[in-house]
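Read the figures in this text as sums done on the coordinates, not as results from a lab. A quick note: this is a predicted structure, and the numbers were derived from the prediction, not measured. Cβ placement follows ideal geometry from the backbone for every residue including glycine, while neighbour counts extend to all protein chains displayed.
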There are 2 protein chains.
Amino acid sequence: MQKEFIEIKQLYRNKEQYIDKTVRVAGWIRTSRMSKNFGFIELNDGSFFKNMQIVIDEKLENFKEVGKLPISTSLLIEGTLVATQNAKQPVEIQATKIVVEGESDNSYPLQKKRHTVEYLRTIAHLRPRSNLFSAAFRVRSVAAYAIHKFFQDRNFVYAHSPIITGSDCEGAGEMFRITTLDLNNIPKTEEGKIDYSQDFFGKEANLTVSGQLNAEIMALAFRNVYTFGPTFRAENSYTGRHASEFWMIEPEIAFADLEDNMELAEDMIKYIINYVLENCPEEMEFFNSFVDKGLLERLHKIVNSEFTRITYTKAIELLLESGQKFEYPVEWGCDLQTEHERYITEQIFNAPVFVTDYPKEIKAFYMRMNEDGKTVRAMDLLVPGVGEIIGGSQREERYDVLMDRIKECGLNEEDYWWYLELRKYGTATHSGFGLGFERIIMYLTGISNIRDVIPFPRTPKNAEF
Amino acid sequence: MQKEFIEIKQLYRNKEQYIDKTVRVAGWIRTSRMSKNFGFIELNDGSFFKNMQIVIDEKLENFKEVGKLPISTSLLIEGTLVATQNAKQPVEIQATKIVVEGESDNSYPLQKKRHTVEYLRTIAHLRPRSNLFSAAFRVRSVAAYAIHKFFQDRNFVYAHSPIITGSDCEGAGEMFRITTLDLNNIPKTEEGKIDYSQDFFGKEANLTVSGQLNAEIMALAFRNVYTFGPTFRAENSYTGRHASEFWMIEPEIAFADLEDNMELAEDMIKYIINYVLENCPEEMEFFNSFVDKGLLERLHKIVNSEFTRITYTKAIELLLESGQKFEYPVEWGCDLQTEHERYITEQIFNAPVFVTDYPKEIKAFYMRMNEDGKTVRAMDLLVPGVGEIIGGSQREERYDVLMDRIKECGLNEEDYWWYLELRKYGTATHSGFGLGFERIIMYLTGISNIRDVIPFPRTPKNAEF
């Protein structure tokens, strides 16, 4: 039956083909306005951000019934597509037949009046039917595809890194434990410790915080790879920027140094923005009008700018010279806070900036040590309005140096046996970075809370739907 | 630096452009053969299934050193691309300069001799460098992209269903518990029960077994959606067909019945196969020669066949009429076993077969009840060589009927409040199905063990790498 009902998107995009012809559509009532003898229904069928206006009048057999239907009722409609004089709504359907597929109810919570996003989160099963969330989740889908297309067009292999992991190798944060042990009756060893040998995987297991180490395995076989999958943080963080479950993209490239890495990141960011601007014009217009007035200007500026590259040491100098007062004082060795990052990208450069070569103390063990023995070949990409959006590095490819760093960081070298072996059997210069998928969606839409760019967000004390 | 090194894939695909020119490549030694005055290195750079033959001779400054390098050493090579008389290897590089990027070691475990797949699983960090696994994981990547492309070209929204879930709504199998409670000191309520209010999500939380119910939310907002993400089963199953962590594709379509659903499934399967045949010809040739001799013939046949559609009742009749003896006896009401499924698709039809309208007792509560009150609008797709590869249904869209089924199945209606509300606020005929991603990769490659189509498989007692 579905093919009988043409998508409203098609009726807008290819209207010449359908004007003055009989068409059938199926969708949900967003709003309706009724007079005595005629009325208008704004119908949305989910295929397109915009509604189709359905004109009904007394000639319609069930005119009276249809006029009283509650919002969100689903309808099957037959009628004639006609051109209008209205540029914003260049076509409408004069209905000749309407079948009620599923009548809604006046208790429908998404009435026309404005709701808070906080309230809408409590009805995550209905909010995708609102303008804001239909736009957000479509942009999310299109951006995800842009990412796959960007990498696949460049012959990257999409590598699925594991979700369940036997160790916290990266130490990137608090992890969720996975178990099938009976929590009412946890088996113990003779020494009184938890007997994980009886657990499902025969040892402690957690949800992954990053697929990077696995991606390195793949890059050293396939040259260029990327991951795109869910990652997790069991942090009791209630900010609008943190979720317990989020998706990450982690490209990893072999025979490639930090310069290649930055070039890839810049190309990717620009590609995603361009792709979404091109493929979601109605949604982006909506965000620009109702969420963030400067959005389109900012995004167009980004895709047309050269990203700046400076070292961490230079960034510290510039911050100190600026005379600006910060909540967190600036000195060489400090981790850059969001206030510092935003000052650099917004005030100093007014453009995206790669900051490179951070002090080793504030970066991970696997980043390549520079000749100075003090800094590592890390890079963070800072963008106006957000701060850090990408973090990456050239990886330490030298067996001995890596081993020293593992020991220096107090890590257990046995946990890294295979990671070390990658440096033993044909090591190669390689680099990679991580992009939080939700961060880029927030950046693309202007939406400020991460809970509103994830269909069913997971945060502390919240795993509904 | 990476752009200096052209991908070997390019040198094969666009060889006319490069013949007799100086080129630079970077890759790993797969094998080498040395004579006194010259030698051959088979170099693989990961960009392509096939190796590039590197010809070296005494004119090379470090000829002697290079000749002795162990397998898997990484090299940076400059030389001239020259045409050969060998159709299988139409080009080779006459090296003028070779830099050793990372010397390997004679203890490298992936020597030329044949290894068992069981052994290779223990070196999952190196096996992607073998022919079998480089082919398997590239096909995996290309098939994943084919799936995204298929749906996005058709205006489907990619919906991320949650990985962490607050309830086992589908009851599809044993689940993994997620917790941040201290297992050495589990908090208890006054009644002595586990105090999940102190757990991270404030209640029991598990890893998802299916994104379907969430996908239904999205389909009733966007018309056509699909999920593509990891799902989990905590089943102590040691077969070659089951993993604890695997990826699923779950399309869900609104204003669409079971016929639409079957059409979509058929189109999708054919699209994936065609896309992989077209984009991975070398890999597919390899599988056909070394893994499954009938593979290409079978796949070509599938894409050119019409899939048959029969009811479960008819299938039972045909099985009974066949006179074939089965391990599990056949009678109306029984669940079809793999032996039955394969007999139907291989012996009776010798083609893919949709079996529809199963007894309600052996299918899930959400499938649409038929008028007979005994069967539901389910469909399974059976394919030769495998049996069931897709399972789906038209969903019960009638509030009252769904409520009755929830009660009949002994489920708790409060757990389904939002799922029921979808039927209250503008319900619509809708349908969907699930495809196990690894199943289709096994089908595409002929690889018989699921552990060998997942880069880092998770199975009972195994969460290495």
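With respect to chain B, whose longest principal axis is taken over its alpha-carbon atoms, helix B:258-279 is tilted by about 10°.
Over the range A:187-328, the ratio between the Cα radius of gyration and 2.2 N^0.38 Å evaluates to 1.52. Near B:Asp195: Cβ cut-off under 13 Å, other residues only, Lys/Arg at +1 and Asp/Glu at -1. The net charge is -2.
Distance between the pseudo-spin-label points of A:Arg241 and A:Asp400 (7 Å out from Cα toward the beta carbon): 4.1 nm. Placing a pseudo-label 7 Å from each Cα along the Cα-to-Cβ vector at A:Ile362 and A:His115 gives an inter-label distance of 4.2 nm. For trypsin sites (Lys or Arg not before Pro), the sites in the range A:171-220 that DSSP calls loop and that have at most 14 other Cβ atoms within 10 Å are A:Lys193, A:Lys203.
Report the gain in length on full extension from B:Asn274 to B:Gln89: 0.36 nm times residue separation, minus Cα-Cα distance, nm rounded to one decimal. Mind showing how you got there, number by number?
Working: separation 185, 0.36 × 185 = 66.60 nm, distance 2.54 nm.
Full-extension gain reported as 64.1 nm.
Annotation for the range A:5-30 versus the range B:8-45: alpha-carbon center distance of 55 Å. Hey, with R₀ at 51 Å, roughly what FRET efficiency would A:Glu327 and A:Asn185 work out to, going by the Cβ-Cβ distance, to 0.05? Approximately 0.55, to the nearest 0.05. Each 5 Å bin from zero up to the one holding the largest Cα-Cα distance in the range A:30-90 carries the following percent of pairs: 4, 16, 29, 27, 17, 7, 0. Pairs over the 19 Å Cα-Cα cut-off, from the set B:Lys15/B:Lys50; A:Lys36/B:Lys424; B:Lys270/B:Lys301; A:Lys59/A:Lys112; A:Lys424/B:Lys36: A:Lys36/B:Lys424; A:Lys59/A:Lys112; A:Lys424/B:Lys36. Comparing chain B with the 2.2 N^0.38 Å rule of thumb, its C-alpha radius of gyration ratio is 1.18 (two decimals). Taking 17 Å as the straight-line reach from the Cα of B:Lys3, the lysines in range (excluding those fewer than 8 positions away in the same chain) are B:Lys21.
A Cα-only calculation for the range A:1-127 places Rg and Dmax at 14.8, 44 Å.
Averaging 1/r over each pair of different alpha-carbon atoms in the range A:217-284 and inverting the result gives 14.7 Å, the Kirkwood hydrodynamic radius. For the protein assembly as shown, what D do you get in µm² per second when you plug the Kirkwood radius from alpha-carbon pairs into Stokes-Einstein at 20 °C and 1.002 mPa s? Translational diffusion coefficient: 71 µm²/s.
Distances between every pair of Cα atoms in the range B:84-225, grouped in 10 Å steps from 0 to the bin holding the largest one, split as 8, 17, 21, 21, 18, 11, 3, 1, 0 percent.
Going from the alpha-carbon gyration tensor of the range B:371-465, what semi-axes, largest first and in whole Å, does one get by taking the root of 5 times each eigenvalue?
On the way: eigenvalues 246, 68, 30 Å².
Equivalent-ellipsoid dimensions as semi-axes: 35, 18, 12 Å.
The Cα-based radius of gyration and maximum Cα-Cα distance (Dmax) for the range A:321-405 are 14.1, 43 Å. Taking 0.890 mPa s as the viscosity and 25 °C as the temperature, the Stokes-Einstein diffusion coefficient of the range B:274-368 based on its alpha-carbon Kirkwood radius rounds to 158 µm²/s.
DSSP loop (so not H, G, I, E, B), at most 12 other Cβ within 10 Å: list which GluC sites (Glu not before Pro) in the range A:362-465 pass both filters.
Filter output for the range A:362-465: A:Glu371.
Under a crude label model (7 Å from the Cα following the beta-carbon direction), how far is A:Leu320 from B:Ala351 in nanometres? The answer from the label model is 7.9 nm. When the GluC sites (Glu not before Pro) in the range A:177-255 are filtered for DSSP coil states and for at most 13 other beta-carbon atoms within 10 Å of their beta-carbon, the remaining sites are A:Glu190, A:Glu191. Charge dipole of the protein assembly as shown (Cα centre as origin; +1 on each Lys and Arg Cβ, -1 on each Asp and Glu Cβ, all else neutral): 1580 debye, rounded to the nearest 20. Please report how far the C-alpha centroid of the range B:287-303 lies from that of the range A:73-94, rounded to the nearest whole angstrom. So the two Cα centres are separated by 50 Å. Spatially, the range B:195-273 and the range B:306-377 are offset by 23 Å when compared through their Cα centroids.
The Stokes-Einstein estimate for the range A:312-457, based on a Kirkwood radius over Cα pairs and taken at 10 °C with 1.306 mPa s viscosity, is a diffusion coefficient of 93 µm²/s. Computed 3J(HN,Hα) for the range A:252-257, one whole-Hz value per residue from the Karplus formula 6.51 cos²θ - 1.76 cosθ + 1.60 where θ = phi - 60°, is 9, 10, 9, 6, 9, 9, glycine and proline marked x. Hey, any idea what Rg/Rh is for the range B:158-252, computing Rh the Kirkwood way over Cα pairs? We get a ratio of 1.06 for the range B:158-252. Summing Lys and Arg as +1 and Asp and Glu as -1 over all other residues whose Cβ lies under 12 Å from the Cβ of A:Glu4 gives a net charge of -3.
With a sphere of radius 14 Å drawn around the Cβ of B:Glu263, what net charge do the other residues whose Cβ falls strictly inside it have (Lys, Arg +1; Asp, Glu -1)?
On the way: positive: A:Lys3, B:Arg154, B:Lys270, B:Arg309; negative: A:Glu4, B:Asp257, B:Glu259, B:Asp260, B:Glu266, B:Asp267, B:Glu306.
Net charge around B:Glu263: -3.
Relative to the longest principal axis of the Cα atoms of chain B, the long axis of helix B:281-290 makes an angle of roughly 90 degrees.
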